[in-house]
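Notes for the one structure printed next.
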Amino acid sequence: MKSISNKLASLLLTAGALLGSAAHAVSDLPGGPAVRQLNLAPPATRIAEEQHFLHWMMLIICTVIFVAVFSVMFYSILKHRKSLGYKPATFHESVTVEIIWTIAPFVIVILMALPATKVLVAQKDTTNADLTVKATGYQWKWGYDYIKGEGEGLAFVSTLDASHRALSDNGAKGDIPDNYLLKVDNPLVVPVNKKVRVITTANDVIHAFMVPAFGIKQDAIPGFVRDTWFRAEKVGDFYGQCAELCGKEHAYMPIHVKVLSAEDYSAWVNAEKKKAAAKADDPSKVWALDDLSKRGEKVYAANCAACHQPNGKGAGPIKALDGSATVLDADHARQIAVLLNGQNNGTMPAWKQLSDTDIAAVVTYTKNSWSNKTGQLVQPAEVLALRGK
Ligand SMILES: [Cu+2]
């Protein structure tokens, strides 16, 4: 008896946790999801506002029609049923009725289609953008390239925060931050009140770029470019996610857009430009083994450890790097080629978006870690020479 009631209690607790009322209270995330959110995300752009209006207008029209039609139907069925002795009318082809049931829906459809078309056309108008950013979907992260406008030339990759990933791997036990699985290392930063065109594409499979508060959702398709736009009307942080099932880590490629005032945005651009200049690696630089391996450790932790494990042992179909013949091979080209092109139809993804130095660093690191003690040093120039081959 006791154990049954215990089980029941834990079941109720689990149900409570699912509803969000467990001990670890999660609060609304401004610009992101709210606890027990029912409505669309609070709009931060005109387009999103208009989508709200359309949504509610259509819902109200449909509800009114639903109630009206079903009231008449049930009333007729009940009042005119055979058991009350009702004698049915037996007319055919009432022109009046036919005209009414043609005209009325037609007018309703037009009333709904006109404002919807207006918003749809506005959504698709990506001309005259102040800033153009390319968003590239990767399994499983987003790459952002500032193509045109203030910040042109900036490019970075935006990945889920490792601590959130670890929390998820542990079954989300403990304190859950409000931005759970939405925190990234490098958010997409844009200026407020400027038209931002987002060009979407992908590197491997179809992803989709979605930010509900902006009212945008656009597929990112390998080999194609699509675009969408937004003009954020308030500064703040806004969140979205990849919205196209893109593989097993689909839930781990969030989108964080940071909207800054014009001055803050300029300051951010300047700081990023300085950082990029400082970081810009000269692929002809000749590195020492220790320095490059240290750098490679970071590259490995950020990009490889999720699959190959921090101990290099891999898991299941993910081959171990510890002791791998490819990694141990004295011919550096063999492992560099795996990194540049991927392996086994992309189950090992290509890493050509990493810099020559990062690839050289991670290759050097794997060649000198765990039981791999090759002493081999791979210089960035070797990677550069093999690119595009
Ligand atoms: Cu995706």
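Within the range 230-255, restricting attention to residues that are open to solvent by 40 Å² or more (accessible area, probe 1.4 Å) and outside any loop (DSSP other than H, G, I, E, B), the residue that is nearest to the ligand (Cβ to nearest atom) is HIS250. Within the range 84-99, the set of residues being part of a helix (DSSP H, G or I) and open to solvent by less than 100 Å² (accessible area, probe 1.4 Å) comprises VAL95, THR96, VAL97, GLU98, ILE99. Note on the range 56-83: residues that are exposed (fewer than 10 other Cβ atoms within 10 Å of the Cβ) and either at pLDDT 90 or above or not in a helix (DSSP H, G or I) (or both) total 4.
Cβ-Cβ contacts under 6 Å between residues 6 or more apart (or on different chains), taken from a first residue in the range 198-211 that is in contact (Cβ under 8 Å) with a residue 24 or more places away in the chain and farther than 13 Å from MET253 by Cβ to a second residue that is more than 10 Å from the ligand (Cβ to nearest atom) and not in a strand (DSSP E or B), are listed as ILE199/VAL225; THR201/VAL225.
Would you please name the residue that is nearest to VAL119 (Cα to Cα), looking only at residues in the range 200-223 that are away from the ligand (no atom under 15 Å from the Cβ) and open to solvent by 30 Å² or more (accessible area, probe 1.4 Å)? Spell out how you get there, then give the answer.
From the range 200-223, those away from the ligand (no atom under 15 Å from the Cβ) are 212-216, 223; that's our starting set.
Applying the additional criterion that residues be open to solvent by 30 Å² or more (accessible area, probe 1.4 Å) yields 212, 223.
Working: PRO212: 16, GLY223: 28 Å.
Filtering first and then ranking leaves PRO212.
The values are calculated or read from the model by the stated rules, or taken from the named source; none is laboratory data. Please read all numbers here as calculations on a predicted model, not as lab measurements. All Cβ positions, even for glycine, are placed from backbone atoms using ideal geometry, and neighbour counts span all protein chains on display. The accessibility values were calculated without ligands, DNA or RNA, using every heavy atom of the protein model including side chains. Shrake-Rupley method; radii C 1.70, N 1.55, O 1.52, S 1.80 Å.
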